[in-house]
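The values are calculated or read from the model by the stated rules, or taken from the named source; none is laboratory data. Only a predicted model underlies this, so the values are computations on that prediction, with no experimental measurement involved. Using ideal geometry, Cβ is built from the backbone for each residue, glycine included, and neighbour counts are taken over all protein chains shown. Side chains included, ligands, DNA and RNA excluded: accessible areas come from the protein's heavy atoms. Shrake-Rupley method; radii C 1.70, N 1.55, O 1.52, S 1.80 Å.
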Amino acid sequence: MGAPVRFLICLVFLLNLFLALSLAREADAGSGGIAVKSPFLAAQPEGHELIRLAYSEGQATQGGPQEDRSQPEVRGTGDDEKSQGSDPWADEAESLDSIPDPLEPMNRAFFVFNDKMYFWFLKPVGTGYKEVVPEVGRICIRNFFTNLIMPTRAISCLLQGKFEGFGIELVRCVVNSTAGFLGFQDVARDALNFQIQDEDLGQVFAFYGIGPGLYLNLPFLGPSSLRDTAGWVGELYLNPLDYMVEDFWPNVGFRSFDMLNKTSMRIGEYEALKKAALDPYVAMRDAYYQYRLNQIEK
Amino acid sequence: MRCDRSIIVAVALLMALAVSSVSVAGEPTEDIRKTTDRIIAIVTDPGLKEADKAREKSRQIRSVVDERFNWEEMSKRTLARHWKDRTQNEKEEFIDLFGKLLERTYLDKVEGYSGEKVLYVDEKVQENYAIVGVRIVTKQETEIQVDYRLQKKGEEWLVYDISIEGVSLINNYRKQFDSIMTRSSYTGLIEKLRSKVVGEN
């Protein structure tokens, strides 16, 4: 069964969380709690259409009088903005709200762990793989795995009432699995312009008004949130790989291969983030938060 | 394939026109397009390909970017509530350092250019502010969503923020800087900024 793999992944995950919590308790003493913000201070996105509202509400409470950002109804009255007219997108552009991060000491520990993991293991292996397998091949392999996890996207579309997206995903899967040689070619996109529907269970939860909860930086998996981690665990059950490759080691092999292939296409991204950032941890946390908000809005 | 794409783009343009009644290829988009085309011309210039021309190349990109980016506005928005507490000298120093950091970040991104297609898909204008939506089609067949935020200064539209896949650069730096200032101080931030800019030049 593929179930043992799922079980193992969940077990490793729980062990990590346990380890993390005890680590966090230790590190807490050192950090003096400067960074630990109340999880209730930051604006929590409250479901699909309410996000923008919640976002600007968070603004109103957080901005403070110093920032001189006029709200839409008093547009153009701020001193600074008089000559220019106020920024209609100011509420998006000047926000300080971010994802609550009460477990920052633990998350920072895992951030360091993932950093080492990347530079010492993933990057060298990924670079070697990149040398051996030409880009065309890697794109095909990526397409294959993307096509394989169609159920995650289709069901996530369906649960959000995005019936068109659901239909697109079904057609994509049928077309790509046949005309696209088992999904190695994305003919549905190239010929029909049926784009991948970038939906997952985390976005489904957000659609029903569940906020991210708190930020998690997980070992191996990287940035996530409580909500998105729950979604990720759910997605393990929607992955057809487990029902197709039931033996333990082949299953693990497929997963590792997928991960390696993906890594080989993203070498350089993390380095760029690190190079541009003054505090890479905060940079990544915020990038994740903004990235997810953007995905949820779409 | 190419023909197919252009039809799709044309249809998308028409639809955007019909829906928003805002001309897609308006002034802000034209300004972004001009700058982008000039940068692509520099990056792909065979005369600047050799390694010893790298400095000259980045100097040229820098001067093009300088004309389009409003460093002061970016600095102001990044420091947000901390901006008002700064003296004139501090402001100038910050604009200089932060501008250098942003330039480098931006240079790193554009210098890796290898024939990606740039599509101009969206434009929103409200008074003196505009958003220009761009899609970059990579060699790996993925689309990257890039949004430029602009403000009109005189006759020109100047960039004050860039979002990549919904992640606003200015927003991201604001949170980092706020976090650093909360932990240490403005002086601490400037020191970090300076060592970052100087250290990797």
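For the residues of B:139-145, the average number of beta carbons from a partner chain within 10 Å of their own beta carbon is 3. Placing unit charges on the Cβ atoms only, positive for Lys and Arg and negative for Asp and Glu, gives segment B:87-127 a dipole magnitude near 160 debye about its Cα centre.
Shown is the FRET efficiency for B:LYS153 and A:LEU192, computed with R0 = 45 Å from the Cβ-Cβ distance and rounded to the nearest 0.05: 0.55.
In a reduced charge model with +1 at each Lys and Arg Cβ and -1 at each Asp and Glu Cβ, segment A:194-276 shows a dipole moment near 400 debye about its Cα centre.
Counting only residues at least eight positions apart within a chain, or on another chain, the lysines with an alpha carbon under 19 Å from that of B:LYS109 are A:LYS274, A:LYS275, B:LYS34, B:LYS49, B:LYS53, B:LYS57, B:LYS100, B:LYS117, B:LYS139, B:LYS196. Just how many % of Cα pairs in segment B:6-197 lie over 22 Å apart, if you round to the nearest whole percent? So the portion of pairs separated by more than 22 Å is 53 percent. Per residue of B:176-183, other chain Cβ atoms within 10 Å of the residue Cβ number 5 on average. How many angstrom separate the Cα center of segment B:91-119 from the Cα center of segment B:36-62? Centre-to-centre distance over Cα atoms comes out at 14 Å. Counts of other chain beta carbons within 10 angstrom of each beta carbon in peptide A:289-297 average 4. At a probe radius of 1.4 angstrom, the accessible area of segment B:6-197 per residue rounds to 47 square angstrom. Net charge dipole, segment B:6-197: roughly 560 debye, given to the nearest 20, about the Cα centre with Cβ charges of +1 for Lys and Arg and -1 for Asp and Glu.
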